[in-house]
Amino acid sequence: MMANFSELRTRFMLMIALAIAAACSTTSLHAADGAEPARLSLTGRGEAHATPDIATITIGVVTQGANARDAAQANNRAMNEAVNSLKAGGIEARDLQTSNYTIQPLYTSDPNRSTTPRIASYRATNTLIVQIRDLTKVGDLLERAVSLGANTVSGPNFSLADPEMKRNEARKAAMADALARARLYAEGLGFRLGRVLMVREGETFARARPLSAEVRAAASPAPPPIEAGESTISANVSVDWEILPPQ
């Protein structure tokens, strides 16, 4: 006697589950449970590429003096010169942000620990975060800052001023990837895709492959060569489809 549709459907779902398990795929198929429709769950991945248009560098001034006031005054002079040179090079005030300012005592060291440590001098540290929107000026601005007062420099770190357009491009690519894979499974295993039951967005993130420069203590005789490289924005999206038996 020919099996009824419910029995055929159950066998069909079992065959799909076994095939997926045998393939060791990360794709998951959920059998129907009560009123819940059978579903196919897939994660799509997409990328978008862009050339960075912002560079962020961190410059610092470290000075030392016999007392806290001397250390602070020397530090202020050097940092003011560095900031003025950056502004003269086209950096706006909105792109300059102090991230750290400290004054701390430096103590004498006694290897034998026979005497109480005493303050020998003071160290002042001022750190400034600089955003550069014209990447052709990065090397020159680094050289300017170091030659006119900064004695620690790190970076640059590259990013996008407006990454949302590229994030959306990566999201579209992730959705297309999920749909293409779903259609592939449907064709290979002989079922039909039904309606979309759920969409879950994963984290989107960007990574860059820059050539970074780090300068300490003294400036190079010429501006350091800086290359922005390429930023890659990635997106993940998980989609659940209802699966239907073949017509």
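Could you give every pair whose Cβ atoms fall below 7 Å, whose first residue belongs to the range 162-186 and is more than 14 Å from Ser238 (Cα to Cα), and whose second residue is among the hydroxyl-bearing types (Ser, Thr, Tyr) and surrounded by fewer than 19 Cβ atoms within 10 Å (Cβ to Cβ), counting only separations of at least 6 or pairs across chains?
Within 7 Å, the pairs are Tyr185/Thr27.
Matching residues to (1) part of a loop (DSSP other than H, G, I, E, B); (2) buried (at least 17 other Cβ atoms within 10 Å of the Cβ); (3) not polar (S, T, N, Q):
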site: Arg69; (1), (2), (3): no, no, yes
site: Arg77; (1), (2), (3): no, no, yes
site: Ser85; (1), (2), (3): no, yes, no
site: Thr98; (1), (2), (3): no, no, no
site: Gln104; (1), (2), (3): no, no, no
site: Arg113; (1), (2), (3): yes, no, yes
site: Thr116; (1), (2), (3): yes, no, no
site: Lys137; (1), (2), (3): no, yes, yes
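Looking only at the range 191-202, count how many residues are out of contact with any Phe, Trp or Tyr (no Cβ under 8 Å at 6 or more places or on another chain) and part of a loop (DSSP other than H, G, I, E, B). Give the derivation first.
The initial filter retains those residues of the range 191-202 that are out of contact with any Phe, Trp or Tyr (no Cβ under 8 Å at 6 or more places or on another chain), namely 192, 198-202.
Now drop any that are not part of a loop (DSSP other than H, G, I, E, B), which leaves 202.
Matching residues across the range 191-202 total 1.
Can you tell me which condition Leu40 does not meet? The list is (1) touching a His at 6+ places or on another chain (Cβ under 9 Å); (2) assigned to a loop (DSSP other than H, G, I, E, B), and all the others hold.
With respect to (1) touching a His at 6+ places or on another chain (Cβ under 9 Å); (2) assigned to a loop (DSSP other than H, G, I, E, B), Leu40 is out only on (2).
Hey, among the residues in the range 58-67 that are of a type in the set (A, V, I, L, M, F, W, C) and either over 24 Å from Leu135 (Cβ atoms) or not assigned by TED's automatic domain parsing to the domain that holds Ile103 (or both), which one's surrounded by the most Cβ atoms within 10 Å (Cβ to Cβ)?
Filtering the range 58-67 for residues of a type in the set (A, V, I, L, M, F, W, C) gives 59, 61-62, 66.
Subsequent filtering for residues that are either over 24 Å from Leu135 (Cβ atoms) or not assigned by TED's automatic domain parsing to the domain that holds Ile103 (or both) retains 61-62, 66.
Working: Val61: 25, Val62: 19, Ala66: 11.
Taking the candidates together, the pick is Val61.
If you take the residues of the range 118-134 that are surrounded by 12 or more Cβ atoms within 10 Å (Cβ to Cβ) and without any contact (Cβ under 8 Å) to a residue 40 or more places away in the chain, which of them is farthest from Leu148 (Cα to Cα)?
Ile119
Would you mind stating whether Thr125 is at pLDDT 95 or above and within 30 Å of Ala72 (Cα to Cα)?
yes
The values are calculated or read from the model by the stated rules, or taken from the named source; none is laboratory data. Predicted, not measured: the structure shown is a model, and the values here were computed from it. Backbone-built Cβ (ideal geometry, glycine too); neighbour counts: all protein chains shown.
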